[in-house]
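Novice: Supplied in structure tokens, the structure appears directly below.
The values are calculated or read from the model by the stated rules, or taken from the named source; none is laboratory data. Every value quoted in this text rests on a predicted model; they were computed, and no experiment measured them. All Cβ positions, even for glycine, are placed from backbone atoms using ideal geometry, and neighbour counts span all protein chains on display. Keep in mind that these areas ignore ligands, DNA and RNA; they rest on the heavy atoms of the full protein, side chains included. Shrake-Rupley method; radii C 1.70, N 1.55, O 1.52, S 1.80 Å.
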Amino acid sequence: MSVSLTVNGRKRVIDAEADKPLLWVLREDLDMPGTKFGCGAGLCGACTVHLDGEAVRSCQTPIADAAGKAVTTIEGIGTSDIGKRVTAAWTALDVPQCGYCQAGQIMSATALLKQNSKPSADEIDGWMSGNICRCSTYLRIRAAIRQAAGLPVETASTGTPDQEQAA
């Protein structure tokens with residue numbers, strides 16, 4: 001099956017079985033290793049990409065479902081203003097530890113800020129709960145999202161921003 005799609009702004013035509021996961025098309029056919037294989041069941045979020053602007057698990061998205069759509073991967077996330085802010089915050093706060101899940105985390109964080117430009121700590125935690133980090137960098141991930149949103153960044157000495165606002 002021949003499938004046309006746009007990946008990071010570039011038109012691509014792929015010859016693949018209709019049920020081949022988008023993840024493997026990106027990694028194997030397009031030589032884009034930034035999107036990671038995690039659980040293979042859509043549960044960990046390591047493979048998160050944007051399909052027409054919506055965060056999806058590429059390991060569970062058949063290439064046929066991506067036909068004619070725009071795919072944004074970690075390699076292309078820095079072309080949007082929100083993506084630039086998120087990746088800059090990730091770097092400034094030194095979020096990654098082992099780094100394996102971080103591409104999916106950044107993709108989910110960017111999707112969150114597209115829908116909700118000023119999320120609360122609880123909204124961040126709820127949205128990001130589908131992305132698993134074995135290194136447990138969750139506090140740094142939340143801080144980076146808050147920084148990218150232009151919100152106060154929590155520190156150990158000040159508590160959470162929501163606690164500060166309630167005081």
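Novice: Within region 60-84, how many residues turn out to be surrounded by fewer than 20 Cβ atoms within 10 Å (Cβ to Cβ) and in contact with a Leu (Cβ under 8 Å, 6 or more places away or on another chain)?
Specialist: Going through region 60-84 one residue at a time, the tally reaches 7.
Novice: Another question, then. Only strands (runs of 3 or more DSSP E) wholly contained in region 1-103 count here; list those with 3 or more residues that are in contact (Cβ under 8 Å) with a residue 24 or more places away in the chain and over 24 Å from Cys133 (Cα atoms).
Specialist: Numbers: elements: 2-7, 10-15, 48-51, 54-57, 70-72.
By residue number, 2-7.
Novice: Residues of region 120-133 being in contact (Cβ under 8 Å) with a residue 24 or more places away in the chain and in a loop (DSSP other than H, G, I, E, B), which ones?
Specialist: Within region 120-133, Ser120, Gly130, Asn131, Ile132, Cys133 qualify.
Novice: In the set Ser117, Ser108, Ser136, which member is of a type in the set (Gly, Ala, Ser), at pLDDT 95 or above and not in a helix (DSSP H, G or I)? Outline the logic, then answer.
Specialist: Numbers: Ser108 fails: not in a helix (DSSP H, G or I); Ser136 fails: at pLDDT 95 or above.
That would be Ser117, the only listed residue that is of a type in the set (Gly, Ala, Ser), at pLDDT 95 or above and not in a helix (DSSP H, G or I).
Novice: Is it true that Lys20 is modelled with pLDDT of 95 or more, closer than 19 Å to Ser108 by Cα and of a type in the set (D, E, K, R)? Full working, then the answer.
Specialist: Details: modelled with pLDDT of 95 or more: yes; closer than 19 Å to Ser108 by Cα: no; of a type in the set (D, E, K, R): yes.
In short, no.
Novice: Residues that are surrounded by fewer than 20 Cβ atoms within 10 Å (Cβ to Cβ) and closer than 19 Å to Gly40 by Cβ: does region 135-154 have at least one?
Specialist: No - not one qualifying residue is present in region 135-154.
Novice: Would you please name the residue that is farthest from Cys101 (Cα to Cα), looking only at residues in region 1-43 that are hydroxyl-bearing (Ser, Thr, Tyr) and open to solvent by 40 Å² or more (accessible area, probe 1.4 Å)? Give the steps one after another, and end with the answer.
Specialist: Residues of region 1-43 hydroxyl-bearing (Ser, Thr, Tyr): 2, 4, 6, 35.
Subsequent filtering for residues that are open to solvent by 40 Å² or more (accessible area, probe 1.4 Å) retains 2, 4.
Numbers: Ser2: 31, Ser4: 28 Å.
Ranking the qualifying residues of region 1-43, first place goes to Ser2.
Novice: Please find, within region 91-133, the residue that is surrounded by the fewest Cβ atoms within 10 Å (Cβ to Cβ) out of those that are of a type in the set (A, V, I, L, M, F, W, C) and over 12 Å from the mean Cα position of the chain (by Cα). Step through it out loud before you land on a result.
Specialist: As a first pass, look at region 91-133 and keep what is of a type in the set (A, V, I, L, M, F, W, C): 92-93, 95, 98, 101, 103, 106-107, 109, 111-113, 121, 124, 127-128, 132-133.
Pick out the ones that are also over 12 Å from the mean Cα position of the chain (by Cα) and you get 92-93, 95, 98, 121, 124, 133.
On the way: Ala92: 13, Leu93: 20, Val95: 26, Cys98: 10, Ala121: 17, Ile124: 23, Cys133: 23.
Selected residue: Cys98.
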